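Q: The structure's right below; bear with me while I get my questions together.
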Amino acid sequence: MKYYKIPAVFFTVLFSMSLLVSCEYDDVNQDPTRPGGDSVPLVAIVPAMQTQTHRNIGAVLGRYGGIIMQQWQGFDAQQLQYTSYVIGENDTNNPWDFGLYTGSMRDAADIIERATLTDAPNTRGLAKIYMAINLGIATNVWGDVPYSEAFQGDENLSPKYDDQEELYGVLQTLLSEAITDLEADDPAGIQGDLIGGSNEQWIATAHALKARFFIQQTSVKSDAAQQALAEAQMAFEGNANQLDFIWENTQNGGHPLALFGFQRPNTMIIGDFFADLMMGDPRMDLYMTPDEGDLFLYFDADNPNLFWAQLDSPSPVISYSELKFIEAEALERTGGDGSEALEEAIRANFQYLGISASATQDYIDDLEGSSIETIITEKYKALYGQAPIQVWNDFRRTGFPDITPNPNGENGNNPSGIVPRRLLYPISERQSNPEEYEAAIDAQGGHLLDDDIWVFPRN
């Protein structure tokens, strides 16, 4: 992995931004610590965009996804409600407002505009990749969301919600344009990248993300698997070329899962379904630690072996393991044999976690075929801690793994009691953008947790 070396004069700016990311979201619309103004250089905005994006992946929305998918469960406080699918419009306010629309997506839009004006195509390409990641999160969670009119400031305070099918086209366009921008001659190169990836690595990562967004459409597009396979084969090879965001080993700038463990100890623990599924798996001790009774904790400040619950744990942009699972599924769906790609996906995950080659081979030898169910269930286990929203996406798309809905999951927002299919739009949208909010609800046929969105129709 490479690390970007930042000039000393930049640390003052970065320290100011760390005040923002030390907590998940602020309580006001305008955060005075965020960089702004026409004179702020790209090198000062890119780190804020990246940091908040990786927080979006693993913080509030990631926890909702992981709890819904029973990788975690509530043990106390609000997490108990979320486990029973009591997730309302107040619960989604902060991740929508401060995580995405006035956070990382706003920064990405700002960088794209500034990079265009200053002829910095490589940095613009990076921003388009991050815009795609965040827009992907938003539309995965809510369906139709604002994009085309979302970043116009005072010129449009009531942006329309774009149709999700159109947004999936936007995701591919953003990533294709990012590849073109990163291939362009740019003496300044990529400015401010905290990950420090080369242009070639970011181009390969863009192809991997394109594969992710294509495979998500297998229920609604007949050629989605073939397109995913084509992109996967143009992406990066091996864990060594995977791009990771590395969190600070501090309680100001640490990994969201570790911070949550420190700040709200044992309010969220390992889900019973996941603990049972992982019994005998060599990764189990790296994911969880036993507590009294039959409970398992995902976080223990005194346990340095919990791979995804350390302050300095990584946050992959997209992992090589996920990429190979996508390839395996795409092969199976297009009449090929996904077994070799499935084995490589598992091998990559085990290697990344530091599990021995012999234990890895023993595990692979016990696999029973490469059916879609096997691929998605193995992916569910491998993506623990790094991509909980992707796990939820796979379930809504395929029905795997075969989890049983929470028996207490029936409520006013989830009247059927099924595993939620989406989250509610935040209350801030109902209050500040009511016409477009209502239009989006009408277009999607409802506003409940058990309402489907276009890309994930019920099987």
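The values are calculated or read from the model by the stated rules, or taken from the named source; none is laboratory data. Bear in mind that the values here come from a model prediction, so they are computed numbers and not experimental data. Backbone-built Cβ (ideal geometry, glycine too); neighbour counts: all protein chains shown. Remember, those area values only see protein heavy atoms, side chains included, never the ligands or the DNA or RNA. Shrake-Rupley method; radii C 1.70, N 1.55, O 1.52, S 1.80 Å.
Q: Using packing as a proxy for protection, rank 403-409, 188-194 so that the peptide with the highest average count of other Cβ atoms within 10 Å comes first.
A: 188-194, 403-409
Q: Determine the share of region 241-386's accessible area contributed by carbon and sulfur atoms, expressed in whole percent, with a 1.4 angstrom probe.
A: The nonpolar share, carbon plus sulfur, comes to 42 percent.
Q: Top to bottom by accessible area (1.4 Å), largest first, where do Arg347, Arg124, Arg458 land?
A: Numbers: Arg347 85, Arg124 50, Arg458 120 Å².
I get Arg458, Arg347, Arg124, largest accessible area first.
Q: If you don't mind, another one. Quickly estimate the mean residue ellipticity at 222 nm for the chain, helices only: each DSSP H run with n ≥ 4 gives -39500 (n - 2.57), and the total goes over all residues, rounded to 500.
A: Helix-only estimate at 222 nm: -14500 deg cm²/dmol.
Q: Using alpha carbon coordinates only, what is the Rg to Rh ratio of region 96-167, with Rh defined as the Kirkwood radius? Show your work: numbers first, answer last.
A: Details: Rg = 12.2 Å, Rh = 12.5 Å.
Using only Cα positions, Rg/Rh for region 96-167 is 0.97.
Q: Once phi is turned into θ = phi - 60°, what whole-Hz ³J(HN,Hα) does the Karplus curve with 6.51, -1.76 and 1.60 give for every residue of region 212-220, x standing for Gly and Pro?
A: Per residue, the Karplus-derived 3J(HN,Hα) values read 4, 6, 6, 5, 5, 9, 5, 7, 10 Hz.
Q: Keeping all protein chains in position, work out how much accessible area Phe325 exposes to a 1.4 Å probe, and write it in Å² to the nearest 10.
A: Probe radius 1.4 Å; accessible area of Phe325 about 0 Å².
Q: Sort 283-293, 89-99, 166-176 by packing, meaning the average of other beta carbons within 10 Å per residue, with the highest value first.
A: Ranking, from highest mean packing down: 89-99, 166-176, 283-293.
Q: Still on this structure: Taking amide H positions as placed in the peptide plane 1.01 Å from N, state which residues far from Val145 in sequence (5 or more) or on other chains have amide H under 5 Å from it.
A: Excluding prolines and chain starts, which carry no amide H, the hits are Asp162.
Q: How big is the Kirkwood radius of region 395-445, worked out from every pair of different alpha carbons and given in Å to one decimal?
A: This gives a value of 13.0 Å.
Q: Hey, which of these cross-link pairs are over 24 Å Cα-Cα: Lys160/Lys379; Lys128/Lys381; Lys210/Lys379?
A: Going by Cα-Cα distance, Lys160/Lys379; Lys128/Lys381 fall outside the 24 Å limit.
Q: Roll a 1.4 Å probe over the protein chains and send me the accessible area per residue for region 151-255 in Å².
A: On the way: 4440 Å² over 105 residues.
Per-residue value: 42 Å².
Q: Still on this structure, please answer the following. Explain nothing, just compute: Karplus ³J(HN,Hα) = 6.51 cos²θ - 1.76 cosθ + 1.60, θ = phi - 60°, for every residue of region 419-436 in order, whole Hz, x for Gly and Pro.
A: 4, x, 9, 6, 10, 7, 4, x, 4, 4, 6, 4, 8, 9, 9, x, 5, 5
Q: What Kirkwood hydrodynamic radius, in Å, does region 331-417 give when the mean of 1/r is taken over all pairs of distinct Cα atoms and then inverted? Don't skip to the answer; put the middle values down first.
A: On the way: mean 1/r = 0.0681 Å⁻¹.
After inverting the mean inverse Cα-Cα distance, the result is 14.7 Å.
Q: I need the phi-derived Karplus couplings for region 260-270: 6.51 cos²θ - 1.76 cosθ + 1.60, θ = phi - 60°, integer Hz, Gly and Pro marked x.
A: 5, x, 5, 7, 9, x, 6, 7, 10, 10, 5
Q: Right, another one. List every residue whose amide H lies under 5 Å from the amide H of Trp72, counting only residues 5 or more places away in sequence or on a different chain, with H placed 1.01 Å from N in the peptide plane.
A: Counting only residues 5 or more places away or on other chains, the set is Ile67, Gly271.
Q: Can you check what the Kirkwood hydrodynamic radius comes to for the chain, Cα pairs only, in Å to one decimal?
A: Final number for the Kirkwood radius of the chain is 22.3 Å.
Q: Moving on to the next point. Pull up all non-local amide H partners of Phe245: gap of 5 or more, or a different chain, and H-to-H distance under 5 Å with H placed in the peptide plane.
A: The answer is Ser315, Val317.
Q: Within 10 Å, count the other beta carbons around each residue, average over each peptide in 332-341, 153-162, and list them highest first.
A: By packing density, highest mean first, the sequence is 332-341, 153-162.
Q: What percent of all Cα-Cα pairs in region 198-304 falls into each 5 Å bin, going from 0 up to the bin containing the maximum distance?
A: Distribution as computed: 2, 10, 14, 12, 11, 15, 17, 12, 6, 1, 0 percent.
Q: With no solvent and one point on each alpha carbon, what is the Debye value of log10 I(q)/I(0) for region 162-210 at q = 0.17, 0.18, 0.28 Å⁻¹?
A: Values, matching the q order: -0.56, -0.61, -1.06.
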